[in-house]
Amino acid sequence: MRKALRWLLALTVLIGTLSTAGAATAAQPAAGGTTDIKDQLLSIPGMSLIEEKPYTGYRFFVLNYTQPVDHRHPSKGTFQQRITVLHKDVSRPTVFYTGGYNVSTTPSRREPTQIVDGNQVSMEYRYFTPSRPAPADWSKLDIWQAASDQHRIFKALKKIYAKNWISTGGSKGGMTATYYERFYPKDMDGVVAYVAPNDVVNNEDSAYDRFFTKVGTKECRDRLNAVQREALVRREPLEQKYAAYAAENGYTFTTVGSLDKAYEAVVLDYVWGFWQYSLLSDCADIPADAKNATDDAIWTSVDTISGFSFYTDQGLEPYTPYYYQAGTQLGAPTIHFPYIEKKYIRYGYQPPRNFVPRSIPMKFQPSAMRDVDSWVKHNARHMLFVYGQNDPWGAERFAVGKGAKDAYVFTAPGLNHGANVAGLAADQKALATARILAWAGVPAATAAQAKPLATFDRKLDVRDVEREPALRP
């Protein structure tokens, strides 16, 4: 997960005071029409207002909620966790969203929220700033503690939003929604997890190698492989360019260890990053003759897809919580490069430990993902997993077994890490939409008639691809 697998934080919600009179679907003030929704929210112990932003048809609030640093020992300190509430009406269902990173303070609506025409609560993942305890005890950053954050938020807000709840998220957010369901299976009425990686055995990643021999077309794969190899062949002149770029921007390389390590990490992200964020049609933008391309052409192609700023101290710092989790519980992918001679690769895919300051201790827990994987296979209920056909992260994915009920794993043809229900084949799209509506308590008459209840909104519903830094163990 690097730039290519960089997680650009999940956009979430922030919405504010509706001041436009006569809006087509004005947000209702509160249950029973008496107490204003802002007053209801702020009456929750530990809830405080950061700001309210206007958006026609909704109320959008950015809030802080007081959480225990350790849910097992709540008396041992607290921190302020940011959440946002996109309020439509307490009579509508609610979608609980997290991207697994920072929360966006710009109003946006996730796909399930549009489908059910509901409210949306979005949570910033613990330890992503500013939702970080001070001082930070990093041992309290794990999937159970984060699931417990969601559980407390749900219990607090369920008193206001009493209708059905569905949790959702993409990429690390899809993982987060899955872990939440595993630890608190009675909270949600349904789960929609998008492009959620599932690295069950951290040191066995051959599925990724197989993926890269088949994805897209041979012509596209050959173009990408050639540019990646050429960037390593030309390491000396391009690293000189990198050094000048770093000096100009004040970038340093203390965490990763050296400019050379950072350079190779960026280059090795290139092929993965293309397939994660681009479509097959974008191959036309890749240099067709890498050997005869200029240094600038190779640099620009790698920088556009992988981003030379990412493995600097300044680029890594916002993602320290992610790399910490990848190196302690989540796992991280390792792939090989058979088309590049060994003499050109000095480090290979580097482990998450290399991207976290050495002052933070880390120890991997191999049982964490095995537990979740087994639980999903045997206990999944009202869960939908959506993957993209050309997304590398889908090479290791969740599966549902005989013990699962009303649970599905669908793949969107030709799509990448931005795969969604709208991109599924027609029959799967209809079924997925129908199940989401049913879980939300607003079922369609028939599956064939199932469609999003809210009209598409160009500002609320246009989203970036969920991003994850490309980890390498």
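The values are calculated or read from the model by the stated rules, or taken from the named source; none is laboratory data. Please read all numbers here as calculations on a predicted model, not as lab measurements. Note: ideal-geometry Cβ built from the backbone for every residue, glycine included; neighbour counts use all protein chains shown. Side chains included, ligands, DNA and RNA excluded: accessible areas come from the protein's heavy atoms. Shrake-Rupley method; radii C 1.70, N 1.55, O 1.52, S 1.80 Å.
Given a 1.4 angstrom probe, I'd like the percentage of the accessible area of the stretch 242-327 that is carbon and sulfur, rounded to a whole number.
51
log10 I(q)/I(0), Debye, Cα-only the stretch 186-244, no solvent, q = 0.13, 0.19, 0.24 Å⁻¹?
-0.67, -0.92, -0.99
In square angstrom, rounded to the nearest 10, how much accessible surface does SER206 have for a 1.4 Å probe?
Result for SER206: roughly 30 Å² accessible.
Which of LEU279, SER306, VAL201 sits farthest toward the positive end of the charge dipole of the chain, with +1 on the Cβ of Lys and Arg and -1 on the Cβ of Asp and Glu?
Of LEU279, SER306, VAL201, it is VAL201.
If you average 1/r over all unlike Cα pairs in the stretch 335-473 and invert the result, what Kirkwood radius do you get in angstrom?
18.4
So with the 1.4 Å probe, I'd like the accessible area per residue for the stretch 347-452, rounded to whole Å².
Each residue of the stretch 347-452 exposes 45 Å² on average to a 1.4 Å probe.
Taking the chain as the reference, fit the longest principal axis to its C-alpha atoms, fit the long axis of helix 235-249 to the helix C-alpha atoms, and give the angle between the two in degrees, 0 to 90, nearest 10.
Long axis of 235-249 versus the principal axis of the chain: about 50 degrees.
Given the pairs LYS261/LYS343; LYS291/LYS342; LYS38/LYS140; LYS53/LYS429; LYS88/LYS159, which are separated by over 22 angstrom at their Cα positions?
From the list (LYS261/LYS343; LYS291/LYS342; LYS38/LYS140; LYS53/LYS429; LYS88/LYS159), the Cα-Cα distance tops 22 Å for LYS38/LYS140; LYS53/LYS429.
Which value at 222 nm does the chain reach when only helices count, each DSSP H run of 4 or more adding -39,500 (n - 2.57), with the total divided by all residues and rounded to the nearest 500 deg cm²/dmol?
-9000 deg cm²/dmol
Order 314-323, 264-273 from most to least packed using the mean count of other Cβ atoms within 10 Å.
Ranking the peptides 314-323, 264-273 by packing returns 264-273, 314-323.
Listed highest first by mean packing, meaning other Cβ atoms within 10 Å per residue, what order do 342-348, 301-307, 208-214 come in?
301-307, 208-214, 342-348
In terms of modelled amide H atoms, which long-range or inter-chain residues lie less than 5 Å from the amide H of THR255?
For THR255, whose amide H was placed from the backbone, the distant partners under 5 Å are ASP313.
Probe radius 1.4 Å, ligands and nucleic acids ignored: give me the carbon and sulfur share of the accessible area of the stretch 363-473 as a rounded percent.
On the stretch 363-473, the fraction of accessible area on carbon and sulfur atoms equals 51 percent.
Working from the alpha-carbon coordinates of the stretch 379-443, get Rg over Rh, Rh being the Kirkwood radius.
Dividing the radius of gyration by the Kirkwood radius yields 0.98.
What is the antiparallel percent of DSSP beta bridges lying wholly in the chain, to the nearest 5?
50
How do the peptides 109-122, 406-419, 247-260 rank, highest first, by the average count of neighbouring beta carbon atoms within 10 Å per residue?
109-122, 406-419, 247-260
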